[in-house]
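A short reminder: the numbers here are calculations on the coordinates, not readings from a lab. Everything numeric in this text was worked out from a predicted model, so none of it was measured. Ideal geometry is used to build each Cβ from the backbone, glycine not excepted, and the neighbour counts take in all protein chains shown.
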Amino acid sequence: MLNTILFVDDDPITLMLCKKVISKAAFSDQIITAQNGEEAINLFHNLLDDSEKTVPELIFLDLNMPIMGGWDFLEEFSKPTFKQFHNIKVIVLSSTIDPEDLEKIKEFPMVMDFLPKPISLSMLNKVAEALI
Amino acid sequence: MKNKSTQIALIYLLIALFAAIIFHKMSVSYSNVFDLQEYNFIKDIFLISLTAGALKFILTKNDKRNSSYLSELQKTNEEIKESNDRYDIVAKATSDIIRDWNIQSDKLQWSLGIETIFGYNKSQIGDSSAWWFDNIHAEDSILMSIKLYSFLEEKTDKWQDEYRFKCADGTYKYVLDKGFIIKDKFGKPIRMIGAIQDITNQKEEEIRLRLLETVILQTKDSIIITEANFNGDQLPKIVYVNPAFSLMTGYQAFEIIGQSPDIFKGSKTNPKAIAEMISSIRNQQENIIEMICYKRNGDEFWLRFTMIPIFNNEQQLSHWISIQKDVTEIKKQEREKEQLITELTKKNTDLKQFSYITSHNLRAPLSNLTGLLNLVEDIKIDDEELQDILNGLSTSTHLLNDTINDLTKIMVIKETPNIAKEEVSIAQVFEKVCTQTNVLLNTIDHNLITDFKKETDFKINKSYIESIFTNLLTNSIKYKSANTQLIIEISASLVNQSTMIIFKDNGIGIDLDRNKDKVFGLYQKFHNYPDSKGLGLYLVKSQVEGMGGTITIESEVNAGTKFVMKFPHN
């Protein structure tokens, strides 16, 4: 079981659903959420300032979000400022079918997988296996 | 000769004198008349001498005349011999065939050429004019005869004609026949000497050149021939234009020959094209150039022309040939086509983007709905009505989800021409599909017969082949015959460097007579089945073709359906 995971998604129902599935799967102790890329970046900025706070071990990232989308978040997060967090794995969780999106994932080594919504127990089990 | 006449006269004289003496002696011995005996003897001698002299004179005169005739005859003979020798030498020296025709006796003689050129042997050659005429080509014979006989009737001496003459092997050669007439003192033709020349090569060349000329004259493409070198600072001078050129530009040959093609340039002519043309002339290189040119009336048009350098036997540039086409309409169409392609590409991109967004926006809430319903499944609900509503909601949601997933798959297949392929075990893929379909499969009485040959494994897209098997298998289950065990036979084998997969069931089948063209179409349903979306076979076909394969169907109502898929390995 992971300590903390971060969900970045603008849809409250998705967030609610994910929380329920994750707790059901006993996948993680703590779930923190961000409604878009910018909120997630701010969150990591805060983590840079406060070493006491728990750093998430895994990020579930949506692509289509207002203010700052998933790709922009990954661009920003890949910068040297956040170098200390670059060991965190990212799973893109999206309903996209655009082949360009699927191709773009390869540009970011921190992205370990792409999963289609909705998240399910079986998916989480596979992710857990991959992380071990 | 003179001596001979004298000898004859002397012999005559001696014999006559001898006879006169004998007669005189006898008359002296036996006659009594003495008075006249001396007189008669003298008279006889005188007469004998006189006739001997006359005889000698006549003989001498004859001799003279005969001698003159003889020398004349000898001279004539020598002349004839010389003439015959000359004829033989000429006949041997010339490549022509000499023909000597005695018109009155209709005897015809041929020189050796008739054998060497036409291949006849002596026994085949006829000695009358009939043989000559019989061997003239049927198409030429009548006209030639008419011309020949009208010539014979005329008062001229010389005649010539061209016709085809048959060779011994049955082929024909073109000949030029020149004849000369010999007439008697009344002007009647008695003999005709002819010289026949084999002009087959010239004739064939003439025909070939005439054909080539016809091409130049008849072609719809304009043709210009120019000199080799620049005309001062202008392009090389035009020496020939064909009729198509005049038709295209409005310039007649007489007004354009001697001019430089610079005359066709104008304000819109691309200087780069001119520079390219000049460079080609300098480098003596062939080229194809397009540029805007101007007609005689000032109208502009797009000209596409090739320029070809022509070299003489000494490998020196002698001329330029330019074959030209008015491509104004083609250019216009090209521009329109390009514009259309640009517009269509943009529209297609917009549509693609729209479909991605629509798909995403549909899938996002739908995935939530699916997730939420999955959660509800674990909650115990006592209210039966609510349970029914939730069940209906769940069924509809899953159907909607499947439909959108299928549509998405189709969209992705059409958008991905080069799909990823990997070495796949067909048996394993089918096993996996069976496991996934187990719940559905176990609800019915069935018998699955598989026969996968090992060597049929090949590089293929795993998710596509999984999807194909899932679709075909669920179709077989959905459309099984009632009250009959469902038998599915599936096999894979190697045929002509292709993997052939046969999927066969004994279900209710499809009426192909009615639906042959629609069976793999989009939104085509052939049975009233609640879950049917009319997408399955369209998706199967798209995926098979997406992997470079083909699919065919055989089906009969209430007998079953058979799909044959072939995937070439290269």
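Across all directions, the average projected area of the convex hull around the alpha carbons of the stretch B:93-221 is 10.1 nm². Among the trypsin sites (Lys or Arg not before Pro) found in the stretch B:289-383, those both in a DSSP coil and sparsely packed, with 16 or fewer other Cβ atoms within 10 Å of their Cβ, are B:LYS295, B:ARG296, B:LYS380.
Please work out the FRET efficiency for the pair B:THR328 and B:ASP233, using the Cβ-Cβ distance as r and a Förster radius of 35 Å; give the result to the nearest 0.05. Walk me through the intermediate numbers first.
Details: r = 29 Å, r/R0 = 0.83.
Efficiency, rounded to the nearest 0.05: 0.75.
Its Cα centre serving as origin, chain B has a Cβ charge dipole (Lys and Arg +1, Asp and Glu -1) of approximately 2660 debye.
Electrostatic bookkeeping for B:GLY549 treats Lys and Arg as +1 and Asp and Glu as -1; over the other residues with beta carbon under 13 Å from its beta carbon, the sum is +3. The loop-placed chymotrypsin sites (Phe, Trp or Tyr not before Pro) in the stretch B:11-96, going by DSSP, that have at most 14 neighbouring Cβ atoms within 10 Å of their Cβ come out as B:PHE34.
Each of B:LEU366, B:LEU448, B:GLN37 was placed along the dipole of chain B (beta-carbon charges, centred on the mean Cα), and the one lying farthest toward the positive end is B:GLN37. Coordinate range of the alpha-carbon atoms in the stretch B:1-105 per principal axis, descending: 93, 29, 16 Å. Using the Karplus relation 6.51 cos²θ - 1.76 cosθ + 1.60 with θ = phi - 60°, the per-residue 3J(HN,Hα) values for the stretch B:288-298 come to 10, 10, 10, 7, 7, 10, 10, 7, 4, 7, x Hz, with x marking Gly and Pro. Maximal additional length on extending the B:LYS346-B:ILE379 stretch stands at 6.9 nm, based on 0.36 nm per residue less the C-alpha distance.
Here the protein assembly as shown yields Rg over Rh of 1.48, to two decimals, using C-alpha coordinates and the Kirkwood radius. Under the simplified labelling scheme, the B:GLN74-B:ASN483 pair shows an inter-label distance of 13.8 nm, with each label point 7 Å from Cα along Cα→Cβ. Compute the whole-percent fraction of alpha carbon pairs in the stretch B:219-326 spaced more than 24 Å apart. Result: 16 percent of Cα pairs exceed 24 Å. Mind grabbing the base-10 log of I(q)/I(0) for the stretch B:421-570 at q = 0.19 Å⁻¹? Debye formula, identical points on the C-alpha positions, no solvent, two decimal places. Computed log10 I(q)/I(0) values: -1.24. When the charge dipole of chain B is built from unit charges on Cβ atoms (+1 for Lys and Arg, -1 for Asp and Glu) and taken about the Cα centre, the candidate among B:LEU176, B:THR219, B:LEU473 whose Cα reaches farthest toward its positive end is B:LEU176.
Over chain B, the reciprocal of the mean inverse Cα-Cα separation, the Kirkwood hydrodynamic radius, stands at 38.2 Å.
For a distance above 12 Å, tell me the whole-number percent of Cα pairs in the stretch B:472-525 that qualify. Mind showing how you got there, number by number?
Numbers: 1030 of 1431 pairs.
Percent of Cα pairs beyond 12 Å in the stretch B:472-525: 72.
222 nm [θ] for chain B, helices only, -39500 (n - 2.57) per DSSP H run of 4+, per residue, to 500? Don't skip to the answer; put the middle values down first.
On the way: 16 runs with 284 residues, N = 570.
Helix-only estimate at 222 nm: -17000 deg cm²/dmol.
Beyond 27 Å, the tail of the calculated P(r) for the stretch B:362-488 holds 39 percent of the Cα pairs. Shape summary of the stretch B:333-396, radius of gyration then Dmax from alpha carbon positions: 22.4, 72 Å.
Which of the GluC sites (Glu not before Pro) found in the stretch B:115-191 are loop residues per DSSP with 11 or fewer other Cβ atoms within 10 Å of their Cβ? It would help to have the intermediate numbers written out before the result.
Working: sites: B:GLU115, B:GLU139, B:GLU153, B:GLU154, B:GLU162; in loops: B:GLU154.
Hits after loop and neighbour filter: B:GLU154.
What does the charge add up to near B:ARG210, with Lys and Arg as +1, Asp and Glu as -1, over the other residues with Cβ less than 12 Å from its Cβ? Summing Lys/Arg as +1 and Asp/Glu as -1 gives -2. The alpha carbon centroids of the stretch A:77-108 and the stretch B:61-116 are separated by 115 Å.
Dipole magnitude for the protein assembly as shown: computed about the Cα centre from +1 point charges on Lys and Arg Cβ and -1 point charges on Asp and Glu Cβ, it is near 4540 debye. Overall, the stretch B:94-205 carries a charge dipole of about 440 debye about its Cα centre when +1 sits on the Cβ of Lys and Arg and -1 on the Cβ of Asp and Glu, all other atoms neutral.
Spin-label model, A:GLN30 to B:GLN285: label points 7 Å out along the Cα-to-beta-carbon direction sit 7.4 nm apart.
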